[in-house]
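Colleague: I'd like to ask you about the structure that follows.
The values are calculated or read from the model by the stated rules, or taken from the named source; none is laboratory data. Nothing here was measured: the structure is a model prediction, and the numbers come from that model. Heads up, the Cβs are rebuilt from the backbone with ideal geometry, glycines too, and the neighbour counts pull from every protein chain shown. Only protein heavy atoms, including side chains, enter the accessible area calculation; ligands, DNA and RNA are left aside. Shrake-Rupley method; radii C 1.70, N 1.55, O 1.52, S 1.80 Å.
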Amino acid sequence: MVIARGLPRCFPYRLIYNQRSLWVKRRQRKSILRPCSVKKLLSHSREEHEREKEHEHAVSKDEERKKDMAKARKEEAKAGDSEDILPGIPPVPSSNHPKSGVVFVLEKASLVPAYVGRTYEILNPDKHADFLRKKNMNPYDYRPDIVHEILVDILGSRLNMAGMVQAVFVKTDLGHLIKIKPHVRIPPTLGKFCAMMSQLLQKFSIKARGGGEKLMQLIENPLVKHLPVNSRIIGLSVSSPKAVRLRDYVDDVGNDCTPVFVIGAMAHGKINDDYTDDLISVSALPLSAGACVRRICYELERKWRIL
């Protein structure tokens, strides 16, 4: 700091410097906050207004161009359709998909609940072997794993992913009738599946999270009143005298009717064919229920061209 001549050393030079800097800052603030003239404000508002008009005009031009292009495309499509279709001949629809899809019915499903100790569970020979032995019960009559395998195959197939599975019905040994919607996610493990089915038999329905939609529910018998009007009920049994090739049989089923396949979900036995329209055998060898379901899904995917 430079000391002025003629002033003592103890003079408050720092105070004078600080006051001068404050004075300079105040002058700068005043110059910044000084209001501009009315002419400048008017010119600025006019420029902004002109810019907005130009922008709106450009947007309207772009919209008109888009509308003209859409009209031209529609006219070209109409002209192409009129050229392809001959006069007097109605066009044939190219899609081979049916209107309603397919329905599966699982007969004699072994979903038997019981109190094992203090818990209400579905009997499973892998888990409740000691309980079944004490009660002198045949473990082959209690096979919930067959129902679990069939449901996983149906609901995880490309047929269901394409929206062609209308519903799945399960008829238990005890006479319960269960309706399962096609967008249900079945648990991957057998233990969780048995817990879900025991909860269903206790509460009569299972709802989706965050909503009141019933994904699985117990419904009243008989089954026929829950099927579509134009349905064709087809039962599968190895003991049927009518042996068919499944590919040819599926191709012969018209798209106007809804095929309903009845499959036995038990280890041994025969399905109830009192309400079926046709009882067929797809193999000379006794196939498992899962193998039959996979073959049916494959043939329907081929027929309806589901990739």
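Colleague: So how strong a dipole does segment 119-247 carry about its Cα centre when Lys and Arg Cβ are +1 and Asp and Glu Cβ are -1, to the nearest 20 debye?
Modeller: Working: 20 positive and 10 negative charges, 75 e Å.
That gives segment 119-247 a dipole magnitude of about 360 debye.
Colleague: Can you list the residues, at least 5 places off or on another chain, whose amide H is less than 5 Å from the amide H of V184, using H built in the peptide plane?
Modeller: Under 5 Å from the amide H of V184: no residue qualifies.
Colleague: Nearest 20 debye, what's the magnitude of the dipole of segment 183-307 about its Cα centre given +1 on Lys and Arg Cβ and -1 on Asp and Glu Cβ? Please list the in-between numbers first.
Modeller: Working: 17 positive and 12 negative charges, 131 e Å.
Computed about the Cα centre, the dipole is about 620 debye.
Colleague: Going down the list K108/K225; K171/K242; K134/K207; K171/K203; K135/K214; K203/K225, which pairs span over 28 Å between their C-alpha atoms?
Modeller: Values: K108/K225 19 Å; K171/K242 24 Å; K134/K207 36 Å; K171/K203 17 Å; K135/K214 35 Å; K203/K225 23 Å.
Pairs exceeding 28 Å: K134/K207; K135/K214.
Colleague: Can you tell me the Rg and the Dmax, both Å, for the Cα atoms in segment 177-307?
Modeller: 16.6, 50
Colleague: Please report how far the C-alpha centroid of segment 171-198 lies from that of segment 254-296, rounded to the nearest whole angstrom.
Modeller: Value for the Cα centre distance between the two parts: 19 Å.
Colleague: What is the gain in length, in nm to one decimal, between D273 and L307 on full extension, counting 0.36 nm per residue of separation less the C-alpha to C-alpha distance? Don't skip to the answer; put the middle values down first.
Modeller: Details: separation 34, 0.36 × 34 = 12.24 nm, distance 3.32 nm.
Computed gain between D273 and L307 is 8.9 nm.
Colleague: Follow-up question, since we're still on this one. Starting from 0 in steps of 5 Å, tell me what percent of the Cα-Cα pairs of segment 206-266 lands in each bin.
Modeller: The percentages, shortest bin first, are 4, 12, 16, 19, 17, 14, 10, 5, 3, 1.
Colleague: As an exercise, use a Förster radius of 51 Å and the Cβ-Cβ distance of R158 and D130 to find the FRET efficiency, rounded to the nearest 0.05.
Modeller: 0.80
Colleague: How far, in nm, would the chain grow between Y120 and D251 when pulled straight, counting 0.36 nm per residue and subtracting the alpha carbon separation? Kindly include the intermediate steps, with their values, before the conclusion.
Modeller: On the way: separation 131, 0.36 × 131 = 47.16 nm, distance 4.54 nm.
Once the chain is fully extended between Y120 and D251, it gains 42.6 nm.
Colleague: Then there's this: Could the peptides 247-260, 161-174 be put in order, highest first, of the mean number of other beta-carbon atoms found within 10 Å of their residues?
Modeller: On the way: 247-260: 15.1, 161-174: 18.1.
Going from most to least packed, we get 161-174, 247-260.
Colleague: Let me ask something additional. Of all the accessible heavy-atom surface of segment 227-307, with the other protein chains kept in place and a 1.4 Å probe, what percent is carbon and sulfur? Present the calculation step by step, with values, prior to reporting the outcome.
Modeller: Values: 2090 of 4070 Å².
For segment 227-307, the apolar C and S fraction of the accessible surface comes to 51 percent.
Colleague: Another question about this same structure. Report the full-extension gain for the segment Y140 to Q199: residue separation times 0.36 nm, less the Cα-Cα distance, to one decimal in nm.
Modeller: 18.9 nm
Colleague: Using the Cα centre of segment 149-259 as origin and beta-carbon charges of +1 (Lys, Arg) and -1 (Asp, Glu), tell me which of I150, F204, G175 is placed farthest towards the positive end of the dipole.
Modeller: Checked the options; the winner is F204.
Colleague: Same structure again: Heavy-atom accessible area per residue, segment 126-257, 1.4 Å probe: how many Å²?
Modeller: Numbers: 7530 Å² over 132 residues.
That works out to 57 Å² per residue.
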